[in-house]
Amino acid sequence: MISSSCLARTLIPAMAFLSCLRPESWDPCTEVVPNITYQCMEVNLYNIPENLPSSTENLDLSFNFLRHLGSHNFSKFPELRVLDLSRCGIQVIEDDTYQGLNQLSTLILTGNPVQHLDLRTFSGLSSLQKLVAVEINLNSLEDLPIGHLKTLKELNVAHNFIHSFKLPEYFCNLSNLEYMDLSNNQIHNIYHKDLQVLYQIPFHNLSLDLSLNKIDFIEPGAFKDIKLQKLVLRSNFDSMDVMKTCIQSLAGLEVYELVLGEFKNERQLNEFDKSALEGLCNLTIENFRIAFFDEFSLDDIGVFHCLENVSAVSLLNLYVNHLERIPKEFRWQSLELIDCDLEQFPTLTLSSLKRFIFTANEVSNTFGELDLQSLEFLDLSKNGLSFRSCCSSRDFGTVRLKHLDLSFNEVISMSSNFVDMEQLEHLDFQYSTLKRANAFSVFLSLTKLRYLDLSYTNTHVTFDGFFHGLFSLEVLKMPGNSFQGNSLPNILTNLGNLTFLDLSNCQLETIDPTALNPLGKLQVLNMSYNKLLSLDLFPYENLSSLQVVDVSFNRIVTLQIQERYHLPNKLTLLNVTQNDFACACEHQTSLQWIKDQRQLLVDVEQMLCATPAGMKGLPVLSFRNTTCQMSKTIISVSVLMVIMVSLVVVLVYKFYFHLMLLAGCKRYGRGECTYDAFVIYSSHDEDWVRNELVKNLEEGVPPFRLCLHYRDFIPGVAISANIIQEGFHKSRKVIVVVSKNFIQSRWCIFEYEIAQTWQFLSTCSGIIFVILQKVEKSLLRQQVELYRLLNRNTYLEWEDNALGQHIFWRRLRKALLAGKPQNPEGTPDADMQPEATSAM
Amino acid sequence: ALLYPSGGHGWPTHTACRDGGLEVLYQSCDPLQDFGFSIDQCSRHVKQNLSIRFGIILGEDIQELFVDVALVTKGSPFFNFSYPICEKDQPKFSFCGRRKGEKFYYAGPVNNIGFDIPEGEYQVLVEMYNENRSPVGCANATVICC
């Protein structure tokens, strides 16, 4: 019992520990950032999920069925910073629901049919900065118990049923409030008393959006002496008269930015009366914006006479025509004309104007001239304009221009190299068509230029001095252009300050190895969507600041890895995806490098092999080096095998008959010899053989049995087979009759060679040389082996005299007798006679 | 009706209009929600100021809103366009800037060049997304013109 309880005591904590280790299930929520962000949108929750960690900071519970939020419902999550409860059908929020959420900065309650809010509904929430209470059936700001939320900066109560603009007393506490959205409510009247609280405590930075409230009446002087950051009144008035009266009633307001106008889909005013803006004379405005007024016409410039002293005017989507008539005395510093229905490019003469934005007006004509002496910022993008001669200070009437945007226009013809425009820092030509940019160093005088965008300008760079002069350039965007020979030459020499270079989609096939060397400060290099076949990383070694390199969507088969090569220290991203990688052993180094640098490479898992066929579509990472080692072994073994087999074949071919002899030796074995000697001779010496040799040896005593081809060879068998099987296999000795004819006979030499092998294999000295006639040495030398043997071995020489012949036969018989068996089969009497009987 | 399918697979197919030789059917391809859409004048002669009605409960904030339309006939796409509906600095429509969870109803004209729909059956894929490229709405529509 004791031991089992001990065991239980040990096991229970251990299992508890293990249960902590197992991966948590956040079901039905999704973990976005571990322990911080959880997404539980639309997962049919009826309660706050219990299984999320208490460290959760961002919690999205939107689109569920929470319906009723109880007291201290979120106390389990004290670290919450953002809580999204959009459209959860919440009708009841009990007191102290959010108690304990002292870190919460954003609370979103959009789209809940909240029936009642108690005084303590938002208790706690001591750090709340943003409250989104859009579409929560709110009838009045008074109903919102937020007086204690002193940290509140943004209050969004748009799309409710608020009928009164009266800012309740509690606003005195909300001194940090910067933005209040009351748009799309039911506010019809604004009275002086509604804004009393703004007199008690000044909100210097408060922005108010009252758009989409149908305002009928504003009490004159209601906004007197009030300072606002921004006031938005769009689609508020359903008649010009009401608008005019209401604007007059804003008298005394000091607002940094006033936005008037309508929305494209909420237009109520059918005509515009210039007198509507007369009331603006009694306001202090810094920036004035007006948008989407139908039939708004600038024909009578009197419209703007109350705006003489504003610094910025923005006109959006209006029917504006005669802008030329704006008087020179106006002190506008900034003018925006966006999507206005202008008939032609306006010739402006406003000496105070520093910033002119004229975009999306589609005037479709040629750029005229500007006379704006103070202009520093000019945006003429998206107008369909053509520029016959670009660019010099005369075109714009200013020598102060720092920012020039001519993007998304028609043809821009370069005729001068920015004369008197040395102050230019930002130049954008993207998607306009540049003409004659190669004729001379267009940018030569732009020594202060920091940003140049030539994207998709149809520029074909053929001129080496194209980038000359751009000493300060930091950003160069060149995508969608091309270079001569589809090769990037060494033309970036002046761009030592460049940090960002985009050469994507330039049809580049090669890059001069030294082209990037001058770019010591380069941080980002984009060469994607080109036609590069290989990536040589060597040029990047010098670029010590390089952080990002993108060469995706090229045709790179392999990376060229240099020995002693180091990547720039700061390089953090290298994108080589979507290339044609060859996953073959010949690129093993490159593929191994990819594996080694996987931390650096973007989407390395998605990099696929293009070749060989067997690897196509497989991840580059799946390439195994061991396959290469395997195949190397296989290759070397096979080569060795082939060499050996060929050697054997050659040897077999050369020594075919010798081998047959060897096979025969084994088969017949010893003691099966039928003949005493096999005679090798030339047929020209046959007379001597028949008359002398056969007569003397076969008919003499002891009688020897000779193997002679004319007599003993079996007819119908190949000569070579006869030579080996009949001649050598069945004979003890071989008599070689050497003569001039012998040396010249190929069969004889063949027989002799076989004899040598036979002698070697049978390990006894079986060859007896008989020199029938003296052979010339020179002839003999042709048979080197024979010559050597004759020099070293004893041989018999045929003599013409009787004594010599006698000695000859004696010696021959003796030689033939050596090794003859005592009683061999078929020669029963052969050994009975000693050599003494050999007398002839 | 705009939220939560009542079981089954996918959202039901709705009719946007059926009249004058034209029939427009659509089905939401957003797994999270359906939406309501109708065309006021149903005719194969599309007028310059076509009036539509469109209702949806937003699943995302739409500070910015973009629409992509792809027209497919007989399996091959022949027309694509992308259009910004809401841009950050210049809210063009009253619904721009609306919040996730907010109801959004649009009844009004859609500007277009005015054209006649040729005979045939067309598939239209409409996708709307916000500044974070989060999907706001998605529909597969079938236009049958005879």
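Quick notes on this structure:
- Among the residues of the range A:63-74, some residue qualifies, meaning at least one is aromatic (F, W, Y), assigned to a loop (DSSP other than H, G, I, E, B) and over 26 Å from A:T151 (Cα atoms).
- Leading residue by the ranking (farthest from A:I285 (Cα to Cα)) among those in the range A:218-267 that are more than 14 Å from every other protein chain (Cβ to nearest Cβ) and of a type in the set (V, I, T): A:V242
- For the range A:432-472, residues that are under 27 Å from the mean Cα position of the chain (by Cα), of a type outside the set (G, A, S) and assigned to a loop (DSSP other than H, G, I, E, B) total 5.
- Looking across the range A:714-751 at every residue that is part of a helix (DSSP H, G or I) and of a type in the set (K, R), the one that is farthest from A:K774 (Cα to Cα) is identified as A:R746.
- Test: residue in the range A:181-188 that is surrounded by fewer than 16 Cβ atoms within 10 Å (Cβ to Cβ) and more than 22 Å from A:I290 (Cβ to Cβ): yes
- Here the condition is being more than 10 Å from chain A (Cβ to nearest Cβ) and either in contact (Cβ under 8 Å) with a residue 12 or more places away in the chain or not aromatic (F, W, Y) (or both); of B:L58, B:L71, it holds for B:L71 alone.
- Members of the range A:80-125 found to be touching a strand residue (DSSP E or B) at 6+ places or on another chain (Cβ under 9 Å), among the charged types (D, E, K, R) and assigned to a loop (DSSP other than H, G, I, E, B), listed by number: A:R81, A:R87, A:E94, A:D118
- Condition met for A:S416 (buried (at least 17 other Cβ atoms within 10 Å of the Cβ) and modelled with pLDDT of 95 or more): no
- So B:G97, is it touching a strand residue (DSSP E or B) at 6+ places or on another chain (Cβ under 6 Å) and small (G, A, S): no
- Residue that is farthest from the other protein chains (Cβ to nearest Cβ) [pool: residues in the range A:106-126 that are touching a Leu at 6+ places or on another chain (Cβ under 6 Å) and within 14 Å of A:P78 (Cβ to Cβ)]: A:G124
- Against the numbered list (1) within 14 Å of chain A (Cβ to nearest Cβ); (2) not in a strand (DSSP E or B), B:I85 comes up short only at (2).
- Only residues that are of a type in the set (A, V, I, L, M, F, W, C) and farther than 24 Å from A:M615 by Cα were counted across the range A:544-597, and they come to 6.
- Any hit, the range A:481-492, residues being part of a loop (DSSP other than H, G, I, E, B) and in contact with a Cys (Cβ under 9 Å, 6 or more places away or on another chain): yes
The values are calculated or read from the model by the stated rules, or taken from the named source; none is laboratory data. Quantities reported herein were computed from a predicted structural model and do not represent experimental measurements. No Cβ is skipped: glycine too gets one built from the backbone with ideal geometry, and neighbour counts run over all protein chains shown.
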